[in-house]
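Written below as structure tokens is the structure these notes are about.
The values are calculated or read from the model by the stated rules, or taken from the named source; none is laboratory data. Small disclaimer: the values here were computed from a predicted structure and weren't measured. Methodologically, a virtual Cβ is constructed for each residue, glycine included, from the backbone with ideal geometry; neighbour enumeration extends over all protein chains shown. Ligands, DNA and RNA are excluded from the accessible area calculation, which covers all protein heavy atoms including side chains. Shrake-Rupley method; radii C 1.70, N 1.55, O 1.52, S 1.80 Å.
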Amino acid sequence: MKKNDENQNNDSGMTRRVYKKASLDDTVVNVRKDPSDDFDLLSDDGMMDYVPGVDDVDHFDFDEKDIEHYRKVNEQEAAERDRRRKQRALEKQRAAQKQQCETKKSDEQPQGKRQNKQAAKAAADEVPVKKTNTKKKKRRRRKDEETDIDDIELRRELSEKKRTNKEIMRITYVMMLLFFGMIGYFIYFDGVTSKEVINNPHNSRLAKMADSVVRGEILSADGEVLAESIKDDNGNYYRYYPYGCTFAHVVGTSDVNKSGVELTADYNLITSDIQPVEKIINEIRGQKNPADNVVTTLNANLQQVAHDTLGDREGAVVAIEPSTGKVLAMISKPDYDPNSLVDNYQDIISDENSKVLLNQSTQGLFVPGSIFKMVTSLAYLRSGGDPDNYSYYCDGSISLQSDSGDSYIKCYDGEEHGQVDLLESFAESCNASFANLGLSISVDKMNEVANSLLFNQTLPTKFTTAKSQFSLSNTDSQWQIGATAIGQGNTVISPIHAAMLVSAIANGGTLMKPYVIDSVQSTEGSVIEQYESENYGTLMSASESSQLTKMMKAVVEEGTGYKLSGKNYSVAGKTGTAEVVGRGNNAWFVGFAPADDPKIAICVLVEDAGTASSEAVPIAGEILDAYLNN
Ligand SMILES: [Zn+2]
């Protein structure tokens, strides 16, 4: 319609435009002058012909005369439009009446030849009149058709415009999505992935980076150098480990079998963050830039004591600060001298059974024996068991049905513990009592508790660890359930996991994630990265941890860990002597001290050993002394 109007009257269209430019801004003027004076801003189809910007309006300067003039013009137009509308309506009405009359006439026509002839004659008489009507009709129809065509074209045009707009918007959205996605990826890549990608040993960029710098030092928490780069007589740098095998697995090596901190912090150890000016000066001089140093959480003295005390025996030691998760010491035996690993590497890997390169603290899995009684006790508590009302009479063994008839589970050395409650069963490590206790707990509950204590899953650490395993099925025999309850069965655990469990008990049930790298510093001493301790969550409630602590204190005060009593600090712990097929026992001690204000949680494992109290407990004592009496 709008298009039609403009076609019909270009001049008035022009006038209207100017007028509307004025009226849009001047509606204020309008209202002020006479609120009832309603300017017609819209064309017939109710659409605004022209919508000017405010700047446009500023160019027009209208006075009262102009407004009066435009009002008159507008009124004339309105009157004209009104007149045409009325005329069209009248024409329509006439046409409708006419049609009605014709329909009536044809309905009233009589049947028969004579009547038909008459009608034909009458019709012939009427031809001139009819002709006039037909012409008018045709004109009107043509006009209507033209209007319709215009309408259709306009609609088509609009719908095409809409479609095009939609497509443009769709493309815009897609482009925006891609753009923001790309920005997001760059941020993620820069913040998270880039280091992982660069730190990937297969990345050739690492080798180039390593060549351009002097590899940084690895330091203990107390500032001892654990790994450094030294220039030889030919001007080439080589890696030197001042402590030899003491830190072998935890610090690792870089020239061959890249492992430990050397692997985890590889990127930092080949990235130099010294002042740019210094960098340029070094480059001009043809000197390599010194890469950043990595400061660990390790206590050099504690590590040395743990290493020396374990001596030539195979096994592992892990010490953690319970309130932070800082790893204070980590030993794995057998070990190697990282200074000569390059020379001995082929010999070591040619022996398939060699455990020399394996960090047993994190990667080794061992039968836990009686240290697992901590888990069984927790399952008993969570099954609604009352720790103060448990009672059992131990005659040195318990007979249980196995897949091959009745079998016995014996207490160590067949010792008869007599009437015992839960505390005594735990402190004396009574196997018969704990097998009995295990049978009172549902298999589902045992699985649930073991899983809640991180069995069968990846441990929350920044270094890789083996998954501890626990499984018990409803089809298992009574003997199997009893054996599992005392830490035999199919259960295996890593020393780091055992240390984490006692660390959580020491910390009121909350586990802090263990970590070894404390910070990264430039050689000029500025801190590049500082790692904070991270809370993993609660492994048990405060009351559960309190109950277990009470039982673990009894182990030292009156049970199998008595060798740790009488010190100037109290110890809470649990011993374990696990039978291993084909070799000596796994002797364990796990615990923390001081019992009421824990500063250190430890796990000591001696493989191919006698009993826990004779071999693991004394080592634990020396380590605790070294840390708490220093
Ligand atoms: Zn017993």
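What the table below lists for this structure:
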item: Segment R205-K599, extension gain: residue separation times 0.36 nm, minus the distance between their alpha carbons; result: 137.6 nm
item: Prolate/oblate/rounded call for segment 519-570, Cα gyration tensor, a/c under 1.5 rounded; result: oblate
item: Proximal charge balance of L539 [Cβ under 14 Å; K/R count +1, D/E count -1]; result: 0
item: Percent carbon-and-sulfur accessible area, segment 312-452, ignoring ligands, DNA and RNA, probe 1.4 Å; result: 40 percent
item: Relative contact order (%) - criterion: Cα under 8 Å, at least six apart; region: segment 378-491; result: 27 percent
item: Spin-label pair N490/R313, simplified geometry with 7 Å Cα→Cβ offset, distance in nm; result: 3.1 nm
item: Pairwise FRET efficiency - D386 versus D608, Cβ, R0 = 60 Å, nearest 0.05; result: 0.90
item: Rounded Å value of the spacing that divides the Cα centres of segment 329-385 and segment 408-446; result: 27 Å
item: Probe 1.4 Å - accessible area at S452, Å² to nearest ten; result: 50 Å²
item: Packing-based ranking, highest mean first, of 82-91, 569-578 given that Cβ atoms within 10 Å are counted; result: 569-578, 82-91
item: Separation of the Q99 and K467 label points, Cα + 7 Å toward Cβ, nm; result: 8.2 nm
item: Set K288/K333; K258/K373; K563/K599; K355/K550; K208/K333; K445/K553 screened for pairs whose C-alpha atoms are more than 29 Å apart; result: K288/K333; K258/K373; K355/K550; K208/K333
item: Cα shape, segment 225-361, gyration tensor, a/c 1.5 rule; result: oblate
item: FRET efficiency, N234 to E534 (Cβ-Cβ, R0 56 Å, nearest 0.05); result: 0.80
item: Ranked packing of 364-376, 257-269, most packed first, by mean Cβ within 10 Å; result: 364-376, 257-269
item: Probe 1.4 Å, accessible area per residue of segment 378-491, Å²; result: 46 Å²
item: Sites K258 and D444, calculated FRET efficiency, Cβ-Cβ separation with R0 30 Å, nearest 0.05; result: 0.10
item: Between segment 525-558 and segment 589-620, the Cα center-to-center distance that results, in Å; result: 16 Å
item: Calculated from backbone phi, Karplus (6.51, -1.76, 1.60) coupling profile of segment 309-325 in Hz, x at Gly/Pro; result: 5, 5, x, 8, 6, 7, x, 7, 9, 10, 10, 10, 7, x, 6, 10, x
item: Derived scalar couplings ³J(HN,Hα) [segment 548-554; Karplus, 6.51 cos²θ - 1.76 cosθ + 1.60; whole Hz; x for Gly, Pro]; result: 5, 4, 4, 5, 6, 5, 5
